[in-house]
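Novice: I am attaching a structure below and will ask some questions about it afterwards.
The values are calculated or read from the model by the stated rules, or taken from the named source; none is laboratory data. Note that this is a predicted model, so its numbers are computed, not measured. Glycine gets a Cβ as well: all are built from the backbone with ideal geometry, and neighbour counts include every protein chain shown.
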Amino acid sequence: MGHPVGVPRADASASARGSRSITTDGTDDSLRAHMYLRDGVTRGGSPSAHTRCAEQKNPLVSPRLSIERSAVLEVNVHTKSEVSREIEIEANVGELQPHFDNAYKEYRPKIEIRGFRKGKAPLDMVKKLYGEMIEHEYLDKIASELYRQAVKEKDLKPIGEPTLIDMKYDRGERLWIKIQYDVRPVITLKQYKGLTVETVVHTPTDTELEEELSRIRKINSSREEVEEAKDDEHVVTAHLQEFDETGFPIIGKKTENARFYLADPELEQPFKDALRGTRRGSEHQIKFQHQHDEHTHQVNMKANVMKVEKVVLPELNDEFIKKITKEKIASVDEFRKSVREDLESYWKEKNRRGLINSIVGEIIRLHEFQVPDSLTRSVLENLLEEVKGQYPNKQLPADFDTEKFFEQNRAYAAFQAKWALLREEIVKAENLEVDESALVALAEREAPKIGIDKERLITYYKSSDQIKDRLVGDKLLDVLISSTTVKEVDDTTLSNQLVKG
């Protein structure tokens, strides 16, 4: 199978080396709500990490051509696997000519020929001088259109994004293309209700409550400048200079006013060891091996301490509670109760997500079928987009290894794609739908929270496939959870067992 790379345009009769993306309308509508099946062959598209499906226009693929056709294409479809097909399409010169006529007209305004104003040269002259080049430039669009036509004529049911494997163009005679596309696997539902699963649960402890209260105090702490860092509840400000192996300063490796909170659990131990007990004006040599992913390098730096500040925690009293809650809570006891309830609510939801993962994992284990590669790729690409969102301007670092990222996340992506397919089958088997009353009830709950008129929200919800799909998903989870026998294992018991083992 080819990879979606550019197709050379210089050699009119040579087979295309590599493959590229083309457009399609042939997405499987039954998957539309659960997988990103794009309108066309993208360069590796697939379902999102949440396996929501939508028909999307891809700005990278060619627009549809409005051309009348009477000829029937020569089309051959070959089965490569349970979920993969290859289609060969051949179009003769009569089928191609209307496409090329469109191409000449589209390119004519851009062409400058001596003796004519830009874009005003006779069409016959444009064809004579630039016809072959224009035809090659237009092959992508023609391939996209021919594929769409074949999908319609042969009533094919592709999902995901097809990939152009090979192309041969004999000018004045024919265009031949080979495309790989995926199809939905045949899924026979087995057991998905009446399961027995084991799930790990956590109950928040008094220790966690005290840790959360301490965290809240630290967020609201103040600092006062002192001479010496007598314990870890200090912030040290220092100028740093890195040195090479010979002891010379490295240009560009100087950092001024770096701040170190000695109680920070993420602070590397060599910095803690060097700066504990430090005084303003002190100088420290810091040497250690720094581990970054699979790379290790020696760090050799000097730290000049500019300032030492003691972290002053506010007293946990009623006055402090009133201040941070803006008078909503008046006492420490009431605040403790509120924080405990928040912790319990957090862990209740997290335990529920763990249960859902256990159920889904068991359902997937009981169903063996091949997952289309295009859907797995789509999950991976959407995961990559999420990672990009964590960086400024959505630009990945220069040393980011995309292939390694894909490889590390491939199993998860395949899991998500497989669940998307199974989820759709179970929803159909259970005949789960969303009626108007459910949308109204959701709007009544959400309107006060987001400050939008209920009637406007109802109108939006009725038009939103995403909201309807979310509610169907909630119904599905209720069905699965209510029919499952759950064995809960307390995580503290599990930890004790691991320690003893």
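Novice: Identify all residues within segment 425-437 that are at pLDDT below 95, of a type in the set (D, E, K, R) and in a helix (DSSP H, G or I); write none if there are none.
Specialist: Across segment 425-437, the qualifying residue is only Glu436.
Novice: With respect to Thr188, determine if the residue is among the β-branched types (Val, Ile, Thr) and under 24 Å from Gly160 (Cβ atoms). Can you show your working first?
Specialist: Numbers: among the β-branched types (Val, Ile, Thr): yes; under 24 Å from Gly160 (Cβ atoms): yes.
Yes.
Novice: Can you tell me which residue in segment 71-107 is surrounded by the fewest Cβ atoms within 10 Å (Cβ to Cβ), limited to those that are within 35 Å of the chain's Cα centre (by Cα) and of a type in the set (A, V, I, L, M)?
Specialist: Residues of segment 71-107 within 35 Å of the chain's Cα centre (by Cα): 77-89.
Those still in the list that are of a type in the set (A, V, I, L, M) too: 77, 83, 87, 89.
On the way: Val77: 14, Val83: 22, Ile87: 22, Ile89: 21.
Among them, the one singled out is Val77.
Quick grid of which residues meet (1) in contact with a Lys or Arg (Cβ under 6 Å, 6 or more places away or on another chain); (2) not in a strand (DSSP E or B):
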position: Asn76; (1), (2): no, no
position: Ser81; (1), (2): no, yes
position: Arg85; (1), (2): no, no
position: Ile89; (1), (2): no, no
position: Asp101; (1), (2): no, yes
position: Arg108; (1), (2): no, yes
position: Glu112; (1), (2): yes, yes
position: Arg117; (1), (2): no, yes
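Novice: Additional query: Would you say Thr237 is touching a strand residue (DSSP E or B) at 6+ places or on another chain (Cβ under 7 Å), surrounded by fewer than 12 Cβ atoms within 10 Å (Cβ to Cβ), on the phi < 0 side of the Ramachandran plot and at pLDDT 95 or above? If you could, list the steps in order and put the result at the bottom.
Specialist: Numbers: touching a strand residue (DSSP E or B) at 6+ places or on another chain (Cβ under 7 Å): yes; surrounded by fewer than 12 Cβ atoms within 10 Å (Cβ to Cβ): no; on the phi < 0 side of the Ramachandran plot: yes; at pLDDT 95 or above: yes.
No; evaluated as a whole, the condition is false for this residue.
Novice: Shifting gears a bit: Looking at Lys118, Lys127, which one is among the charged types (D, E, K, R) and surrounded by fewer than 13 Cβ atoms within 10 Å (Cβ to Cβ)? First the steps, then the outcome.
Specialist: On the way: Lys127 fails: surrounded by fewer than 13 Cβ atoms within 10 Å (Cβ to Cβ).
Exactly one of Lys118, Lys127 is among the charged types (D, E, K, R) and surrounded by fewer than 13 Cβ atoms within 10 Å (Cβ to Cβ), namely Lys118.
Novice: Listed residues Lys253, Lys287, Lys322, Lys272; which is basic (Lys, Arg) and more than 40 Å from the chain's Cα centre (by Cα)?
Specialist: Details: Lys253 fails: more than 40 Å from the chain's Cα centre (by Cα); Lys287 fails: more than 40 Å from the chain's Cα centre (by Cα); Lys272 fails: more than 40 Å from the chain's Cα centre (by Cα).
Of the residues listed, the single one that is basic (Lys, Arg) and more than 40 Å from the chain's Cα centre (by Cα) is Lys322.
Novice: Condition first: surrounded by 24 or more Cβ atoms within 10 Å (Cβ to Cβ), more than 12 Å from Leu139 (Cβ to Cβ) and not acidic (Asp, Glu). Now tell me which residues in segment 161-191 satisfy that.
Specialist: Scanning segment 161-191 gives Pro162, Thr163, Ile179, Tyr181.
Novice: From the list Leu129, Leu175, Leu156, Leu189, pick out the single residue that is hydrophobic (A, V, I, L, M, F, W, C) and not assigned by TED's automatic domain parsing to the domain that holds Ile89. Step through it out loud before you land on a result.
Specialist: Working: Leu129 fails: not assigned by TED's automatic domain parsing to the domain that holds Ile89; Leu175 fails: not assigned by TED's automatic domain parsing to the domain that holds Ile89; Leu156 fails: not assigned by TED's automatic domain parsing to the domain that holds Ile89.
Leu189 is the lone residue from the list that is hydrophobic (A, V, I, L, M, F, W, C) and not assigned by TED's automatic domain parsing to the domain that holds Ile89.
The rows are residues; the columns are (1) part of a strand (DSSP E or B); (2) in contact with a Gly (Cβ under 9 Å, 6 or more places away or on another chain).
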site: Ile165; (1), (2): yes, yes
site: Val200; (1), (2): yes, yes
site: Glu212; (1), (2): no, no
site: Glu224; (1), (2): yes, no
site: Gln241; (1), (2): yes, no
site: Thr246; (1), (2): no, no
site: Ile250; (1), (2): yes, no
site: Thr255; (1), (2): yes, no
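Novice: Which one of these does Val486 not meet: (1) in a helix (DSSP H, G or I); (2) modelled with pLDDT of 95 or more; (3) more than 27 Å from the chain's Cα centre (by Cα)?
Specialist: (1)
Novice: Let me ask something additional. Here's a check for you: in segment 377-410, which residue that is among the small types (Gly, Ala, Ser) and farther than 18 Å from Gly160 by Cα is surrounded by the fewest Cβ atoms within 10 Å (Cβ to Cβ)? Give the derivation first.
Specialist: Keep residues of segment 377-410 that are among the small types (Gly, Ala, Ser), which gives 378, 389, 398.
Still in the running and farther than 18 Å from Gly160 by Cα: 389, 398.
Numbers: Gly389: 8, Ala398: 5.
My answer is Ala398.
Novice: Taking the condition touching a helix residue (DSSP H, G or I) at 6+ places or on another chain (Cβ under 9 Å), among the charged types (D, E, K, R) and outside any helix (DSSP H, G or I), does Lys230 pass? Please lay out each step first, then the result.
Specialist: On the way: touching a helix residue (DSSP H, G or I) at 6+ places or on another chain (Cβ under 9 Å): no; among the charged types (D, E, K, R): yes; outside any helix (DSSP H, G or I): yes.
Spelling it out, it is not the case that Lys230 is touching a helix residue (DSSP H, G or I) at 6+ places or on another chain (Cβ under 9 Å), among the charged types (D, E, K, R) and outside any helix (DSSP H, G or I).
Novice: Kindly establish whether Ser282 is in contact (Cβ under 8 Å) with a residue 12 or more places away in the chain, closer than 30 Å to Phe243 by Cβ and of a type in the set (Ser, Thr, Tyr). Steps first, answer last, please.
Specialist: Numbers: in contact (Cβ under 8 Å) with a residue 12 or more places away in the chain: yes; closer than 30 Å to Phe243 by Cβ: yes; of a type in the set (Ser, Thr, Tyr): yes.
So Ser282 passes the test.
Novice: Consider only pairs whose beta carbons are under 8 Å apart and that are at least six residues apart or on different chains; among these, list those whose first residue lies in segment 478-489 and is touching a residue at least 24 places away in the same chain (Cβ under 8 Å) and whose second residue is of a type in the set (Phe, Trp, Tyr) and surrounded by 13 or more Cβ atoms within 10 Å (Cβ to Cβ).
Specialist: Cβ pairs passing all conditions: Leu480/Tyr192.
Novice: Out of segment 214-225, which residues are out of contact with any Asp or Glu (no Cβ under 7 Å at 6 or more places or on another chain) and exposed (fewer than 15 other Cβ atoms within 10 Å of the Cβ)?
Specialist: The answer is Ser214, Arg215, Lys218, Ile219, Asn220, Ser221, Ser222.
Novice: Residue by residue through segment 261-301, note down the ones that are surrounded by 11 or more Cβ atoms within 10 Å (Cβ to Cβ) and in a helix (DSSP H, G or I).
Specialist: Step one: filter segment 261-301 for residues surrounded by 11 or more Cβ atoms within 10 Å (Cβ to Cβ), giving 261-264, 267-268, 270-284, 286-288, 290, 299-301.
Matches in segment 261-301: Pro270, Phe271, Lys272, Asp273, Ala274, Leu275.
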